[in-house]
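As structure tokens, the structure follows; a few thoughts come after it.
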Amino acid sequence: MRDAAEQLVRRFLRAFEDLDLAAMSDCFDEDATMFFPTPEPAELVVGRPAILDRFAAVAAEIRAEASSGPPYHRLDPVGLTVLTAGPDAAVVTFELRRPDRTGRRTFVVQRSGSECRVVHLHASNTPH
């Protein structure tokens with residue numbers, strides 16, 4: 001489970017670097033939940049369609065500011081740690097460091113059959 005969870009999170013990060021919404025969607029469970037980092041609204045976002053709607057808005061902002069195409073940015077996880085929570089679940093945490101802030105990310109990953117999906121993502125930023 002440890003390797004599968006890490007591979008899923010790294011696949012999501014690559015998709016987010018490229019703003020590939022279809023690939024990002026494939027990483028989430030249909031009933032996933034997420035807290036987006038500020039400046040996004042602080043409410044819990046429920047369900048893959050709602051999460052992807054929010055990501056689509058974020059992607060549009062990033063694309064509007066970009067000077068070139070994919071990858072639009074680099075996401076290098078620092079201190080990536082995978083904690084297994086039984087044979088079919090894991091928690092993956094890491095930081096994304098930028099000069100102005102540190103992003104903290106926690107993914108809860110669950111395996112159902114042969115597929116692993118994100119069931120919850122908590123993203124927060126802390127300024128320096």
*Which of the residues belonging to the range 45-69 are surrounded by 12 or more Cβ atoms within 10 Å (Cβ to Cβ) and either touching a Pro at 6+ places or on another chain (Cβ under 7 Å) or not in a helix (DSSP H, G or I) (or both)?*
Val45, Val46, Gly47, Ala66
*Hits in the range 19-43 (condition: closer than 21 Å to Asn125 by Cβ, at pLDDT 95 or above and not small (Gly, Ala, Ser))*: Leu19, Met24, Cys27, Phe28, Thr33, Met34, Phe35
*Return yes or no: is Thr93 in a loop (DSSP other than H, G, I, E, B) and in contact with a Ser or Thr (Cβ under 8 Å, 6 or more places away or on another chain)?*
no
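Let's see how each residue does on (1) closer than 20 Å to Gln7 by Cα; (2) free of Cβ contacts under 8 Å to residues at least 24 places away in the same chain:
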position: Met24; (1), (2): yes, no
position: Thr93; (1), (2): yes, yes
position: Arg98; (1), (2): no, yes
position: Thr106; (1), (2): yes, yes
position: Ser114; (1), (2): yes, yes
_Please determine whether any residue of the range 108-128 is closer than 12 Å to Pro37 by Cα and basic (Lys, Arg)._
no
*When you scan the range 93-102, how many residues do you find that are in contact with a Lys or Arg (Cβ under 8 Å, 6 or more places away or on another chain) and either among the β-branched types (Val, Ile, Thr) or surrounded by fewer than 18 Cβ atoms within 10 Å (Cβ to Cβ) (or both)?*
2
_The lone exception for Ala85 - which of (1) at pLDDT below 95; (2) exposed (fewer than 15 other Cβ atoms within 10 Å of the Cβ); (3) under 22 Å from Leu19 (Cβ atoms) it fails_ = (3)
_Can you find a residue that is part of a strand (DSSP E or B), touching a Gly at 6+ places or on another chain (Cβ under 6 Å) and not basic (Lys, Arg) anywhere in the range 102-117?_
no
*asked:* Kindly evaluate Asp31 against the criterion of being exposed (fewer than 15 other Cβ atoms within 10 Å of the Cβ) and part of a helix (DSSP H, G or I).
replied: no
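The values are calculated or read from the model by the stated rules, or taken from the named source; none is laboratory data. Here the structure is a predicted model, which means the values were calculated and not measured. Please note: Cβ atoms are built from the backbone with ideal geometry, for glycine as well, and neighbour counts cover all protein chains shown.
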